[in-house]
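Asks: Would you mind keeping the following structure in view while I ask a few things?
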Amino acid sequence: MRRRLRVFMRSYTGRLLLGGLLIHALLLPILFFALLTYETKDHKEQFVAQVRERTYLLWPGLDTRRSAEAIARWGDELILSGQADYAEYVLASGDTMPSSLNGRSERFQEDLFFGEHGDHMYYVASPPNADGGRLRLGFSELAVEEELQRNVQFSLALMAAYLFLASLLIAFFGDRLTDAILRLQAATRRIANGGIDEPMIVDTSVSEISSLATDLEQMRQTLVRREHEMAQREARQRAVLETAAEGIVTVNPEGRIESFNRAAETLFGYTAAEAMGASFTRFLAPEEAGRFYTPGGEPAVCSGAEFVGRRRSGQKCQLMLSVSEAVAVDSRCFTIFIQDISERLAYEAQLAHQATHDTLTGLPNRALYHDRLTQVLAHAHREEHIVGLFFLDLDRFKYINDSLGHHIGDELLVAVSKRLKHCLRTEDTLARLGGDEFTIILPHLERPTNSVTVAENIVKTLEKPFHIGGKELFISCSIGIAFFPFDGKEAAELSKNADTAMYATKNLGGHGFQFYSKPMNATAASRLELDSSLRYALERGELLLHYQPQVDVDSLKIVGVEALLRWQHPERGLVPPWEFIPLAEETGVIIPISEWVLETACRQGRAWQDEGLPISVGVNLSACHFKEPNLFQNIRDTLSKTGFQPRLLDLELTESMVMEHCDETVAILHQLKQLGVTLSLDDFGTGYSSLSYLKQFPIDILKIDRSFIQDIGEGEQDGTLATTIIAMARSLRMQVIAEGVETDGHLAYLRHHRCDIFQGFYFSKPLPADELTALLRRHLQPESPALQLMGDA
Amino acid sequence: MRIRFQPLIAALAGLAATGLSIAGPEVVLVASKRSPVGQMAVAEARNLFLGLPVGVGGQALKPVRNTADGVVTEAFMQRVMFMSAEDYERQIRTRVTRSGGSRPAAYGDLTEVTTVLQRDPLAVTYMERSQAKHSPGLKIIGEP
């Protein structure tokens with residue numbers, strides 16, 4: 001009850017009531033007291049006025065000549081008639097004649113004011129008569145006093161009633177006022193409890209409250225709008241957070257997780273619900289937990305710090321954390337951006353490994369080899385040790401790679417590297433420089449001859465067959481060996497010399513090893529110089545073609561020429577083909593040279609064609625050019641560009657070229673035949689000829705190698721091979737050209753065995769184009785004399 | 001329950017009376033010693049102060065009200081005028097309104113009253129006997 005009363009007194013109505021009551025309680029007594037005072041004063045004044053007037057009026061009626069008893073009786077009459085309540089007459093002598101009806105205790109005591117002397121009587125004396133006597137009268141004040149008391153009581157009752165009614169009215173109007181306020185309160189509470197979408201309509205006639213309700217409704221609408229905008233903004237922020245590629249986690253200053261985005265879920269394998277409230281260090285390796293916090297126990301702000309993380313599976317991962325502090329109005333939190341850098345670090349490690357190691361074999365690569373060699377040499381220099389450096393190259397690896405495919409070649413390299421490792425000590429370094437080139441550093445040799453054991457061991461180990469891809473492969477190696485400090489004190493010099501020694505081994509047929517010697521260096525230097533010159537020979541115009549005539553055996557007429565490549569070196573003079581062609585094939589320069597040869601020969605053939613000297617031109621195709629995938633297109637374009645008749649172009653191929661990948665070669669040859677060109681098989685008989693395949697090749701001409709022609713006339717068996725080849729060609733309906741004809745005997749033999757065409761110094765050496773043109777002009781004239789042979793000249 | 005206010009009212013009345021002079025003052029009628037009035041009866045004084053013409057030797061006397069002391073005034077009203085002060089004011093107002101003339105001059109300062117009387121021999125006023133005795137140039141002409 002008291003609580004309800006307290007609540008009521010704290011309410012608007014209660015306060016209004018209390019205020020009203022206080023105001024009235026203060027003001028009403030003042031008002032009533034003032035009214036009462038005025039009323040009392042008026043009553044008293046009226047009483048006094050009446051008393052005085054009555055005394056004045058009664059005074060003349062007294063006959064003082066009467067006896068004392070009569071005067072007393074007159075006084076009694078006044079009292080009995082109610083005109084006075086006390087009466088006596090005072091003689092001039094001072095004697096009094098009181099009325100017998102006066103109270104015994106009553107004693108005249110003149111009053112000037114109502115209530116004076118407190119005797120409830122108002123005593124007044126008349127003026128003296130003629131004899132000096134005075135009439136003294138007394139009037140009771142009780143009636144007036146009672147009247148005044150009634151007035152007081154009535155006033156108090158009135159005041160109480162007033163207060164009561166005022167309270168009721170205040171409560172009534174207070175309720176009326178607070179009703180609207182309570183409805184506003186209910187509406188605002190509804191908003192506070194989330195019911196913000198319901199309009200706030202408070203119907204009231206009180207303008208202030210109505211205005212307040214309107215303002216609150218506008219405020220609600222603003223809140224609704226802002227809440228909507230905030231919701232949209234939050235949704236966008238959440239979407240950004242959830243779709244972020246990196247993990248984003250917020251924690252409180254104690255490191256407890258407050259938010260955990262989807263990327264973090266994926267990263268750690270925990271759902272956001274599971275992670276919520278947990279310490280972030282739960283997701284770090286135990287040894288990293290301390291580093292995450294500052295000495296004050298808060299997450300340490302950092303940028304790009306690397307930590308070891310822990311996934312749900314227990315698997316560790318490499319993390320990059322950026323921790324920033326966000327200060328809100330009344331709270332702080334820390335945002336942790338998490339990147340899983342495990343893959344990146346692994347990739348970087350892989351890159352670092354790849355930078356120094358060969359990806360195929362896992363051996364140190366050239367960079368690491370050089371680094372290690374430098375270190376070993378520096379150490380050896382201090383300790384005065386001997387260092388052995390091996391350069392190792394696989395023999396005929398290119399053949400295996402080209403014939404069996406790169407995958408077989410790669411597997412072979414891996415197998416070789418494994419065998420080589422077994423041949424070495426742990427302190428030795430085996431590196432792969434690229435292709436089939438390996439190096440071996442023997443850092444500590446007591447004597448150079450100790451390396452012989454290693455080299456022999458390697459050669460023997462590699463001699464054993466390799467079983468790769470279901471094939472049994474045999475391979476050998478060429479090793480070049482150089483020693484510190486005898487063959488070089490610097491890494492580059494030592495490497496160069498070991499390489500030179502390795503090439504020396506190659507030149508000696510491979511399959512073995514050679515120690516470096518200074519003459520080797522001279523040869524290698526010459527070869528290197530030739531190599532660099534050859535690269536610029538084409539663009540400097542140092543290459544040229546000579547043409548050797550091909551002559552009909554019976555008519556001795558020139559039917560064609562073979563284009564032969566020559567290199568006019570500015571310093572060395574004319575370089576023979578067998579010196580630079582292999583070098584060009586090794587370096588790959590042979591392709592542009594072959595194309596140049598083809599185009600130059602065709603252009604020259606066209607020139608002879610235009611002069612009315614239509615002879616065939618034989619062009620040797622290099623093995624590399626033959627393997628070019630665009631060979632057909634290249635030849636077709638060249639013929640088209642030069643306008644040379646295809647039937648006059650004779651493409652000369654070697655046996656080894658066509659026998660390698662026979663099936664593919666058959667297709668290529670048929671394709672070339674579609675152009676209308678002639679195909680010749682050069683140096684026939686020197687290689688591994690398969691007659692069964694030969695039948696399938698669309699070959700037009702067989703060229704007997706000069707070595708068979710040179711044998712003619714040397715003994716009983718001389719010329720047998722040449723005869724056999726001629727017979728075989730005839731059976732296969734091919735023409736035969738004999739190369740290297742130098743004597744009458746050669747020509748006679750060939751003519752006897754019905755060879756078709758010959759070429760050689762017997763008729764003419766290879767000539768420059770202009771000289772050959774002159775020869776052709778002379779020779780092909782209808783009235784020209786018999787062929788002038790070189791031998792005749 | 002009946003509330004007894006009589007003791008309170010009596011006490012207040014008593015207090016008021018104490019403040020104003022408890023003992024009834026002895027009021028006397030006073031005029032200048034040069035005044036032709038020898039003695040004045042209460043009835044004459046009443047008529048004079050009610051504005052009725054009262055003369056001596058063909059000269060009209062002039063009432064002067066002494067309002068310096070409320071108790072003296074009240075005693076004068078009771079013993080001479082036999083009416084209350086308010087009734088007296090009403091009477092005077094009615095008389096002046098109906099019959100013309102002027103209201104008796106009233107002075108709230110005893111010195112002024114004394115000065116007026118000393119200057120005008122026809123002026124008559126009232127004051128307490130002791131004051132009259134100590135005021136030079138005045139004489140008591142009546143003792144109501």
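The values are calculated or read from the model by the stated rules, or taken from the named source; none is laboratory data. Since this is a predicted model, take the numbers as computed values, not measurements. Reconstructed Cβ throughout: ideal geometry from the backbone, glycine too, with neighbour counts over all protein chains shown.
Asks: Pick from B:Ala23, B:Ala17, B:Ala45: which is at pLDDT below 90, touching a Phe, Trp or Tyr at 6+ places or on another chain (Cβ under 9 Å) and within 10 Å of another protein chain (Cβ to nearest Cβ)?
Replies: Only one candidate passes the filter, namely B:Ala17.
Asks: Being at pLDDT below 90 and within 30 Å of A:Ser495 (Cα to Cα) is the requirement here; does A:Gln375 meet it?
Replies: no
Asks: Please name all residue pairs, on different chains or six or more residues apart, with Cβ atoms under 8 Å, provided the first residue is in the range A:96-117 and is assigned to a helix (DSSP H, G or I) and the second residue is among the aromatic types (Phe, Trp, Tyr).
Replies: A:Glu116/A:Tyr122
Asks: How do the pairs read when you match residues in the range A:44-56 that are more than 7 Å from chain B (Cβ to nearest Cβ) and buried (at least 20 other Cβ atoms within 10 Å of the Cβ) with residues anywhere that are in a helix (DSSP H, G or I) and at pLDDT 90 or above, using Cβ under 7 Å and keeping only pairs 6 or more apart or on different chains?
Replies: Close Cβ pairs (under 7 Å, with a partner that is in a helix (DSSP H, G or I) and at pLDDT 90 or above) amount to A:Lys44/A:Val144; A:Phe47/A:Val144.
Asks: Of all residues being among the acidic types (Asp, Glu) and within 14 Å of B:Gly70 (Cα to Cα) in the range B:84-121, which is surrounded by the most Cβ atoms within 10 Å (Cβ to Cβ)? Just the residue, please. Before you say what the answer is, go through the steps one by one.
Replies: In the first step, residues of the range B:84-121 are kept if they are among the acidic types (Asp, Glu); the result is B:86-87, B:89, B:109, B:112, B:120.
Narrowing the set further to residues that are within 14 Å of B:Gly70 (Cα to Cα) leaves B:86, B:109.
Working: B:Glu86: 15, B:Asp109: 11.
Only one residue tops the list, namely B:Glu86.
Asks: Which ones in the range B:27-42 are more than 12 Å from chain A (Cβ to nearest Cβ), among the small types (Gly, Ala, Ser) and either surrounded by fewer than 16 Cβ atoms within 10 Å (Cβ to Cβ) or in a loop (DSSP other than H, G, I, E, B) (or both)?
Replies: Listed by number, the residues that qualify are B:Ser35, B:Gly38.
Asks: Here is a follow-up. Can you name every residue in the range A:683-727 that is among the hydroxyl-bearing types (Ser, Thr, Tyr) and modelled with pLDDT of 75 or more? So that I can check it myself, show each step before the final result.
Replies: Narrowing the range A:683-727 to residues among the hydroxyl-bearing types (Ser, Thr, Tyr): A:686, A:688-690, A:692-693, A:707, A:720, A:723-724.
Residues satisfying the conditions are A:Ser707, A:Thr720, A:Thr723, A:Thr724.
Asks: So how many residues does the range A:292-350 have that are of a type outside the set (S, T, N, Q), exposed (fewer than 10 other Cβ atoms within 10 Å of the Cβ) and out of contact with any Asp or Glu (no Cβ under 8 Å at 6 or more places or on another chain)?
Replies: Going through the range A:292-350 one residue at a time, the tally reaches 7.
Asks: Which members of the range B:69-108 meet the condition of being touching a strand residue (DSSP E or B) at 6+ places or on another chain (Cβ under 9 Å) and hydrophobic (A, V, I, L, M, F, W, C)?
Replies: B:Val71, B:Val72, B:Ala75, B:Phe76, B:Val80, B:Phe82, B:Ala105, B:Ala106
Asks: Residue check: is A:Met159 assigned to a helix (DSSP H, G or I) and without any contact (Cβ under 8 Å) to a residue 12 or more places away in the chain?
Replies: No.
Asks: On to the next question. What residue, among those in the range A:115-141 that are surrounded by fewer than 22 Cβ atoms within 10 Å (Cβ to Cβ) and at the interface with chain B (Cβ under 9 Å from one of its Cβ atoms), is nearest to A:Gly75 (Cα to Cα)?
Replies: Top of the filtered list is A:Ala125.
Asks: Could you check the range B:63-143 for helices (runs of 4 or more DSSP H) lying wholly inside it with 2 or more residues that are more than 16 Å from B:Val42 (Cα to Cα), away from chain A (no Cβ under 14 Å) and free of Cβ contacts under 8 Å to residues at least 40 places away in the same chain?
Replies: Hits in the range B:63-143: B:85-99, B:110-119, B:129-134.
Asks: Oh, and also: If you check A:Tyr547 against the conditions, is it farther than 23 Å from A:Pro443 by Cβ, under 52 Å from the mean Cα position of the chain (by Cα) and either in contact (Cβ under 8 Å) with a residue 60 or more places away in the chain or not in a loop (DSSP other than H, G, I, E, B) (or both)?
Replies: No.
Asks: What do you reckon, is B:Val64 over 15 Å from the mean Cα position of the chain (by Cα) and of a type outside the set (Asp, Glu)?
Replies: no
Asks: Next question. Return the pair list, or none, for Cβ contacts closer than 9 Å from residues in the range A:277-295 that are hydroxyl-bearing (Ser, Thr, Tyr) to residues that are part of a helix (DSSP H, G or I), at least 6 apart or on different chains.
Replies: A:Ser279/A:Ala289; A:Thr281/A:Glu288; A:Thr281/A:Ala289; A:Thr281/A:Gly290; A:Thr281/A:Phe292; A:Tyr293/A:Thr281
Asks: Still on this structure: Within the range A:349-384, can you find the residues that are within 37 Å of the chain's Cα centre (by Cα), outside any loop (DSSP other than H, G, I, E, B) and not aliphatic (A, V, I, L, M)?
Replies: A:Gln350, A:His353, A:Gln354, A:Thr356, A:His357, A:Pro364, A:Arg366, A:Tyr369, A:His370, A:Asp371, A:Arg372, listed by residue number.
Asks: Would you say A:Ser105 is modelled with pLDDT under 85 and more than 14 Å from chain B (Cβ to nearest Cβ)?
Replies: It is true that A:Ser105 is modelled with pLDDT under 85 and more than 14 Å from chain B (Cβ to nearest Cβ).
Asks: Failed condition for A:Arg236, given (1) under 22 Å from A:Ser331 (Cα atoms); (2) within 24 Å of the chain's Cα centre (by Cα); (3) without any contact (Cβ under 8 Å) to a residue 40 or more places away in the chain, with all others met?
Replies: Unmet for A:Arg236, out of (1) under 22 Å from A:Ser331 (Cα atoms); (2) within 24 Å of the chain's Cα centre (by Cα); (3) without any contact (Cβ under 8 Å) to a residue 40 or more places away in the chain: (1).
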